[in-house]
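What follows is a set of notes on a single structure, which appears directly below.
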Amino acid sequence: IDTCAKIGIRLICESTVNQFPSYLYNNQYICNALISMWGKAGLVKNAQQIFESVDQPDVITYNAMINAYGKNRMGLEAVDLYRKMPNSLRNEISYICILNACSHSGLLDEAYSIFNEISHKTQQVITTMVDCLSRLFLFDEAKQLIEDYEKCNAPYSVMYMALLSGARNSRQSQLSQEIHKRMQLLFPNEKNHLISASILLCNISSALGDHEEAQALRLDRIKEFGNKVKVGLSWTEVNGEVEQFTAHDQSHPRSKEIYAEAQRISAELIKYGDVHDASWITRPLGEHETVESVLCSHSERLAIAFNFIEGRKPSFIQITKNLRVCGDCHQATKLIAKIRQVEIVLTKPTKPVIVSPIQKILSSCSSNRHSIFDSDATRFLFNNIKIKRKYRQ
Ligand SMILES: [Zn+2]
C-alpha cells in the first residue's frame with residue numbers, strides 16, 4: 001500500500017486493492033495506510049469510506065484523513081474533521097496536516113486560529129505556518145514568525161525556503177535576493193538548499209524578463225556547486241502502460257500526434273480566454289520558439305495530450321510529476337478539465353527521482369533514464385501491469 005501511495009497512480013492502486021481479501025479491512029494499520037494511499041491518488045471518496053468504516057479512529061487515522069482532504073484542496077472538510085478530532089489525540093503531525101490543508105486551500109483565518117491554539121509549537125509546526133503565510137504572500141507576517149522563532153532557536157533553512165518559494169510565486173525580486181543572501185550567510189554548508197534557492201532566484205529574474213541576470217546567477221551556481229539540475233518529468237498511465245515525458249520530449253513514437261494534440265488543446269485554451277503566462281519560462285526563447293510552443297511542450301502538457309490521443313475520450317487523467325508544476329500548466333490543467341469535461345489529477349510523488357534500469361520496459365521513451373520508482377516499487381509496478389494485461393486477455 002505504501003508503494004502504491006508513493007507511485008500515486010490511481011489504476012495501479014485500484015487493481016492492487018481489488019486483490020485484497022476482505023478480512024484485511026478489519027486491520028486498522030491497513031485502513032490507515034489505505035486512507036493515505038487514496039488521498040495521494042486523488043480518490044477522497046474512497047479514503048472517506050475507509051475512514052467511516054473504522055470503529056475507533058486513532059491519531060494516524062485522523063491525520064491520514066485530514067491530509068487526504070488537504071492534498072485534494074478540501075480545506076474546509078479538513079478543518080471540520082480536525083475540530084471533531086479529540087483534543088487528546090492531536091499531535092505534531094495533526095498540526096502540520098491541518099495547517100498544510102488550510103494553506104493549500106487559502107484558509108488564512110482558520111490557519112491562524114488553529115496555529116494560535118497550539119500550545120507547543122515545534123520547529124516543523126512553525127515552518128508549516130511560515131509556508132502557509134508565504135503561499136498567501138503575507139511576507140511580513142512570515143518574516144516576523146521566523147524572527148520570533150530565532151530569538152530562542154538556531155535558524156532553520158526550510159523556513160527560508162518556504163519564504164523564498166512564496167516570493168518566487170509573487171515575483172518579488174528584491175525580497176528574494178534578501179532571503180537568498182541571508183541563506184548564504186546562515187547556511188553556508190547546506191548545499192542542496194542553496195542550490196534550490198539559487199534556482200528559485202534565477203526563475204524570478206527570468207519571470208521578470210531579466211535573462212542576463214538569470215544567466216549570471218546560473219553560471220555562479222554552476223561555478224560553486226557544479227551543474228546538477230534535476231530533470232522535470234511527468235508520468236501518466238494509459239491502458240495499463242506507464243509513459244514518461246520530459247519537457248520538449250520528442251522521443252515518443254507518437255510524438256507528432258502528441259504535439260499536434262497539445263497545439264489543439266492550446267488553441268482551445270486561447271479561444272476560452274486563457275493567456276499563456278510567459279513569466280513561467282525560465283530561459284530566453286530560441287529562434288523558432290514562441291511563448292506558446294515552450295509552455296505547451298512542458299512535460300505535463302505532453303502527458304495530458306498523450307492521454308487524449310491514446311485514450312480518445314478519457315474521463316480521468318492522472319499525471320505524476322517529480323518537480324513542482326509551473327503556474328501556467330496549473331492554470332491550463334484546470335481549464336482543460338473544464339473544456340474537455342475530464343477529471344485531471346496532478347500528483348507529486350514523495351519519493352525522489354532515481355535512475356531505474358527497468359524503465360525501458362515500462363516506457364516507450366527509452367531515451368529517458370530517470371524514474372520515480374525505486375527498485376522495489378518498480379518491481380511491484382511491473383508485476384501489477386502484467387496482472388492488468390492478464391485481466392484484459
Ligand atoms: Zn509548465
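The values are calculated or read from the model by the stated rules, or taken from the named source; none is laboratory data. For clarity, every value in this text was computed on a predicted model and none was experimentally measured. Cβ atoms come from the backbone with ideal geometry, glycine included; neighbour counts cover every protein chain shown. Side chains are part of the model used for accessible areas, which takes the heavy atoms of the whole protein and leaves out ligands, DNA and RNA. Shrake-Rupley method; radii C 1.70, N 1.55, O 1.52, S 1.80 Å.
The table below lists the values:
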| item | result |
| --- | --- |
| Meets criteria (surrounded by fewer than 22 Cβ atoms within 10 Å (Cβ to Cβ), out of contact with any Leu (no Cβ under 6 Å at 6 or more places or on another chain) and without any contact (Cβ under 8 Å) to a residue 12 or more places away in the chain) for residue 253 | no |
| Output for region 307-347, where each listed residue is assigned to a strand (DSSP E or B), open to solvent by 10 Å² or more (accessible area, probe 1.4 Å) and closer than 22 Å to residue 292 by Cβ | 321, 344, 346 |
| Residue 131 more than 18 Å from the chain's Cα centre (by Cα) and charged (D, E, K, R) | no |
| Output for region 271-292, where each listed residue is without any contact (Cβ under 8 Å) to a residue 12 or more places away in the chain and open to solvent by 50 Å² or more (accessible area, probe 1.4 Å) | 271, 273, 275, 285, 287, 288, 289, 290 |
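Every residue, every condition in (1) at pLDDT 95 or above; (2) aliphatic (A, V, I, L, M); (3) surrounded by fewer than 18 Cβ atoms within 10 Å (Cβ to Cβ); (4) in contact with a Lys or Arg (Cβ under 8 Å, 6 or more places away or on another chain), yes or no:
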residue	(1), (2), (3), (4)
137	no, no, yes, no
142	yes, yes, no, no
148	yes, no, yes, no
167	no, yes, no, no
180	no, no, no, no
194	no, yes, no, no
197	no, yes, no, no
205	no, no, no, no
208	no, yes, yes, yes
